[in-house]
Every structure is written in structure tokens, then in C-alpha cells.
Amino acid sequence: VGENRTFLLSACHDRLPMLRDAVSGDWIGSFQGHKGAVWSCQMDETGSLAATASGDFSARLWDAVTGQSLLELPHSHIVKTCVFSPSSKRLATGGKEALLRVYDLPKLLLNKNKDNSGDGGGKPAPSLQIKQDSPITKLVWLSDTELLCACQNGKIYLWNTAAEAPPSAPVHTFDTQEPAEIRDMEVRVVSPSGTRILTVAAGSKVYFFDTSTYALLKSYTMPVHFKEEGGCTLHPSGTKFVAGGSDLWVRVFDFETG
């Protein structure tokens, strides 16, 4: 956005995602247009685009500078998650209908411009759709083609989205030890080893997987208040992690011992 600033984009049940200065906390603006709760939001790497997923059966692409809605992406049920690819050229969405969608953003924006000029275009459609075994809760890109899709059945599917046709099977399935909803998921490269670790919160446990070997590195049972609402994040050093739950406490744990 031409400025050396850090931004925070947040969303909740009031239908109005808010953009703030992440250092001062000052409110910058709100994105107006959704008619239902906004369950997920993200800014792209450039800070010029934002995406939101909503209970109004849609996801939206926004101009993060002006707040203008660029694309409304219709779905058939509640959309719980949306995420930009590293290049910002693709957007993945998922939710209650258990259908993973991937959108080609430059193509959709070009078609919208054609539609506005009377040259065609039509409703924005995904370039790829992959049916899942369970409703989708979280999505994380590993690259512009590799996409992790977490579901309510406690499984995380790694999909190769490079081809135009839906793949017949995932590249790999990460399976947690209890068939509970994946509530939280992140990927972090830890230093100095350079290992890329997938951190997962599901049921009463946190899990840590190596995304290169697919091996389960660690899993720990968390305090009782973690089971319904808990989330977790791994420190960049890979030596400790933070977890919080519905008891309003945030706890720091040793990665090696739990």
C-alpha cells in the first residue's frame, strides 16, 4: 500500500470486518456489504486486497485501500474460511457445504470489467471445486498449488490444485487422534532448522506435524477448557507454543515436554 505499516483485519458477528493499525489499534475503516456474521477474513501479502467469508452464503473480495467490494462469490451454505495463495492470485474458500472452491482472481476481475463494459462476464465461478468428506473449518496454502483443507471430521487433507480438473484423491491426509472438529490450524517455518510445522487444535489436544515428511512430531492433551473453543500457535523458534480456551486463560507450554 506504499506505506511501511502493519495492519490488523478482524471480523465478528456484527457483519462489519474492521481494519486497524496493528501498532496503535486505531480504527481505519470497515467493510460494508455482508448480511450475516463474518467468520473469516484475511489481507493478502501486498496489503491491497482483503477477503471475507460469511454466514450470508457468500465470500467477498475487497479493495483494502478504498473498502470497495470487488467481487461477491456466491455459495450454497455458510462460508467459514477464506485464504489467499502466496502470490495473491488465487483465493480458496470452504464451509458448511463441504465443498472446497479455488478462484482465479485475475481472471474473475477481468471478467467483471468486461461485464461492466457490456462485453460479457457473468457470475464469478471457481476455477476448481473439490468435494470433501466433511464440512470445512480451516484452509492454509503451503504454496500456490498445495492447499491444506481441515474439516469437522478431525482430518486435514493436502490437495494439489495445479490441474483444472479436480484431483481424484488428496496427496496426503493428516489424521488427528479423535474425530473432533479442527478449530485452529497454522503452518510455521521454525528457525534455525527450517522445518515447516503444521500446528493443529482439535478436540482436547494440540498436534504438530512435519509438512515435509507428514510425520506427527508431538501431541499434547490440553486443560479441560480447551476442548470446545481452544486455539494454539507455535513460537517461531519452535521451542514453545501458546494455547488458550474458554476459561479466558492463555498458557505457554514447552514444545518438547508439553
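Each reported figure results from applying straightforward, stated rules to the coordinates on display, with no laboratory input. Here the structure is a predicted model, which is why all the values come from computation and not from measurement. With ideal geometry, Cβ positions are generated from the backbone for all residues, glycine too; neighbour counts draw on all protein chains shown.
Data table
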| item | result |
| --- | --- |
| Dipole in debye (nearest 20) - region 29-85, about Cα centre, beta carbon charges: Lys, Arg +1; Asp, Glu -1 | 200 debye |
| Net dipole in debye of the chain [+1 Lys, Arg Cβ; -1 Asp, Glu Cβ; about Cα centre; nearest 20] | 220 debye |
| Charge dipole of the chain about the Cα centre (unit charges at C-beta), most positive-ward option of 217, 152, 64 | 152 |
| Region 191-258: Rg to Rh, with Rh as the Kirkwood radius over Cα pairs | 0.97 |
| Percent of Cα pairs exceeding the 26 Å cut-off, where the set is region 1-159 | 25 percent |
| Share of pairwise Cα separations in region 126-173, more than 13 Å, in percent | 53 percent |
| Cα pair count fraction exceeding 17 Å, expressed as % - region 91-185 | 52 percent |
| Calculated from backbone phi, Karplus (6.51, -1.76, 1.60) coupling profile of region 41-51 in Hz, x at Gly/Pro | 8, 7, 9, 7, 5, 7, x, 9, 10, 9, 10 |
| Long-range amide H partners of residue 203 with built H, under 5 Å | 181, 183 |
| Length added when fully stretched, residue 165-residue 114, from 0.36 nm per residue minus Cα-Cα | 15.8 nm |
| Over the chain, relative contact order from alpha-carbon pairs under 8 Å, at least 6 apart, % | 8 percent |
| Descending principal axes extents, region 59-108, alpha-carbon based, whole Å | 31, 21, 16 |
| Point-charge dipole on Cβ atoms (K/R +1, D/E -1) for region 67-185, about Cα centre, debye to 20 | 260 debye |
| Helix 105-116 axis, angle to the chain major axis (alpha carbon atoms, nearest 10°) | 20 degrees |
| Percent breakdown of C-alpha pair distances by 5 Å bin, ordered from the shortest bin, for region 1-41 | 6, 24, 28, 20, 13, 7, 2 |
| Selected from 49, 106, 243, residue furthest toward positive end of dipole (the chain; charges at beta carbon) | 106 |
| Reachable aspartates and glutamates from residue 89, criterion Cα separation under 12 angstrom, eight or more residues apart if same chain | 44, 45, 104, 144 |
| Inter-probe distance in nm under a simple model that places probes 7 Å from Cα toward Cβ, at residue 190 and residue 14 | 3.8 nm |
| Scattering curve values for region 141-232, log₁₀ I(q)/I(0), Debye with Cα scatterers, q = 0.15, 0.22, 0.23, 0.25 Å⁻¹ | -0.58, -1.10, -1.17, -1.30 |
| Top of 24, 58, 246 by mean-square fluctuation, Gaussian network on the chain, Cα under 10 Å | 24 |
| Of the GluC sites (Glu not before Pro) in region 1-88, those whose Cβ has at most 14 other Cβ within 10 Å and which sit in DSSP loop | 3, 45 |
| MRE, 222 nm, helices only [DSSP H, n ≥ 4, -39500 (n - 2.57), over the chain, to nearest 500] | -1500 deg cm²/dmol |
| For region 4-91: Kirkwood Rh in Å [reciprocal of mean 1/r, alpha carbons] | 12.8 Å |
